[in-house]
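Worksheet: one structure, shown below.
The values are calculated or read from the model by the stated rules, or taken from the named source; none is laboratory data. Computed from a predicted model, the values in this text were never measured in an experiment. Here the Cβ positions follow ideal geometry from the backbone for every residue, glycine too, while neighbour counts run over all protein chains shown. Protein only, heavy atoms only, side chains kept; ligands, DNA and RNA dropped before computing areas. Shrake-Rupley method; radii C 1.70, N 1.55, O 1.52, S 1.80 Å.
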Amino acid sequence: MTTATSTRPDFKNPDLYVAGVPHDLFAQVRADEPVYWNAEADGPGFWAVLRYADIVEVSRQPLLYSSAYANGGHRIFNENEVGLTGAGESAIGVPFISIDPPVHTQYRKFMMPAVAPGRLAGIEERITERCRALLDAIPLGEPVDLVQALSAPLPLMTLCELFDLPPEIGWHDLYDWTNAFVGEDDPEFRQSPEQMAQVLGSFFALMQTLFDTRRHQPGADLATLLANAEINGQPVQFRDFLGNMILALVGANETTRNSLSHTVVNFAAHPAQWQMVRDDPAILATAVREMVRHASPVMHMRRTATADTVLGGQAIAKGDKVVLWYTAANRDESVFADPDTFDITRGNIQHLAFGSGQHVCIGSRLAEMQLRVAFRLLAERVKGFELVSAPRRFRSNFINGLKNLDVKLVAG
């Protein structure tokens, strides 16, 4: 292993991302050590994988590079020691993202009907209606926090439909829960152990009701599929249903919300790119891929080596943590020309923001659909975007998130 020194960057440090993703630093390290040993002050260290090809190689070998809970799971911290959310909550079971094949594959088969093309075709009309209503409520030419007005409610309202949640559960509840689940390093989201316990308690209560209801009165929604899944012939336990609902809630929300917000920032900085959308909205069919690549809302996922191996010229030992930095690979110069530039004309690029291989995000089509709908409707009424102030960012090494986005939508 490479000996760490105080001058070597620590990509785990959440303070590194408060002012923005350090793409220059990622590029510098990727050029010299694309598989980089990152020391940890509170752990054994990990391999930071920064190159596109190496991440694809790891992702194609889920049994060699494990996501299993027993091996630590899919986060930098060990889920089997501190829980799925890093809150020490033992009541939460194992989500299928933290399970290796073949059981992982069984879960995916249960969930796929909820995001099948036929199911999404009907959802698109309702997403359009909800998005249009959200935009109708935004005053043009006046400052508005677009996170609260559009970026957050749009995907969360979609989730309410996918889960068929009772009407008393609104998008604000889901918003607060998801921020708490992924915000382990942000004091605004994790104010105290008592506050986190209250958040988890309210979520657990809803999930227990949902689990019991869907078991006795199954429907066609995602919660029903997860509550009635049978793994190796055995019905899923409530604690694992809980873990998978957290996964679905976070995964289906954070990517869309933050891709939308970051893309508005990009269009504000590059008005000619926005004019392309207004001139030819059909470009959105592939432009959404550039939106997600450039934002890379989920910055990394973790694996654990199950045997000695070699990656990118580095000897990886059995038991080593291997962290796939999608945000770095999506700026890999060997794959993307001028990678730091936001360019919606790149076409149908194959980015890694939705992961790769066995664990690729099953909701990617739904995320892209919501982005296409939102920007198509915005193009009908908005000439441009003017930032009122710099947005506040998540203090997180995991989610490339914006807490607010104060912007004026210029009528035109």
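A few notes on this one:
- For segment 252-286, the candidate set comprises residues that are aliphatic (A, V, I, L, M) and either touching a Gly at 6+ places or on another chain (Cβ under 9 Å) or at pLDDT below 95 (or both); within that set, the residue that is surrounded by the most Cβ atoms within 10 Å (Cβ to Cβ) is Ala252.
- Just one of the numbered conditions (1) modelled with pLDDT under 95; (2) open to solvent by less than 40 Å² (accessible area, probe 1.4 Å) is not true of Val292: (1).
- The set of residues in segment 20-55 being more than 25 Å from Gly319 (Cβ to Cβ) and either touching a residue at least 60 places away in the same chain (Cβ under 8 Å) or part of a loop (DSSP other than H, G, I, E, B) (or both) consists of Gly20, Val21, Pro22, His23, Phe26, Ala27, Tyr52.
- Every condition in (1) open to solvent by 40 Å² or more (accessible area, probe 1.4 Å); (2) closer than 28 Å to Pro391 by Cα; (3) outside any helix (DSSP H, G or I) holds for Asp186 except the one numbered (1).
- Tabulated pairs, segment 379-403, first hydroxyl-bearing (Ser, Thr, Tyr), second open to solvent by 10 Å² or more (accessible area, probe 1.4 Å) and part of a strand (DSSP E or B), C-beta under 6 angstrom, 6+ apart or interchain: Ser389/Asp406
- When we screen Cys131, Cys160 for residues that are modelled with pLDDT of 95 or more, over 17 Å from the mean Cα position of the chain (by Cα) and not polar (S, T, N, Q), the only hit is Cys131.
- When each of Leu120, Leu154 is tested for being crowded, with 19+ Cβ neighbours inside 10 Å and farther than 20 Å from Phe211 by Cα, the lone residue that passes is Leu154.
- A Cβ distance below 8 Å, combined with a sequence gap of six or more or placement on separate chains, defines the contacts here; from segment 339-355, residues that are among the basic types (Lys, Arg) reach residues that are open to solvent by 20 Å² or more (accessible area, probe 1.4 Å) in the pairs Arg346/Thr286; Arg346/Arg289.
- Taking segment 361-402 as the range and being open to solvent by 50 Å² or more (accessible area, probe 1.4 Å) and within 26 Å of Tyr65 (Cβ to Cβ) as the test, only Arg365 passes.
- Condition check for Arg346: open to solvent by 20 Å² or more (accessible area, probe 1.4 Å) and either under 24 Å from the mean Cα position of the chain (by Cα) or acidic (Asp, Glu) (or both): yes
- Number of positions in segment 318-330 that are on the phi < 0 side of the Ramachandran plot and open to solvent by 20 Å² or more (accessible area, probe 1.4 Å): 1
- Residues considered: Glu168, Glu142. Of these, the only one that is exposed (fewer than 15 other Cβ atoms within 10 Å of the Cβ) and farther than 16 Å from Arg381 by Cα is Glu168.
- When Asp212 is tested against (1) open to solvent by less than 60 Å² (accessible area, probe 1.4 Å); (2) in a helix (DSSP H, G or I), only condition (1) is not met.
- Tally, over segment 127-161, of residues that are in a helix (DSSP H, G or I), out of contact with any helix residue (DSSP H, G or I) (no Cβ under 9 Å at 6 or more places or on another chain) and of a type in the set (D, E, K, R): 2
- Segment 31-78, subset basic (Lys, Arg) and either crowded, with 21+ Cβ neighbours inside 10 Å or farther than 15 Å from Ala305 by Cβ (or both), residue farthest from the chain's Cα centre (by Cα): Arg51
- Any hit, segment 191-201, residues being open to solvent by less than 70 Å² (accessible area, probe 1.4 Å), out of contact with any Phe, Trp or Tyr (no Cβ under 8 Å at 6 or more places or on another chain) and assigned to a loop (DSSP other than H, G, I, E, B): yes
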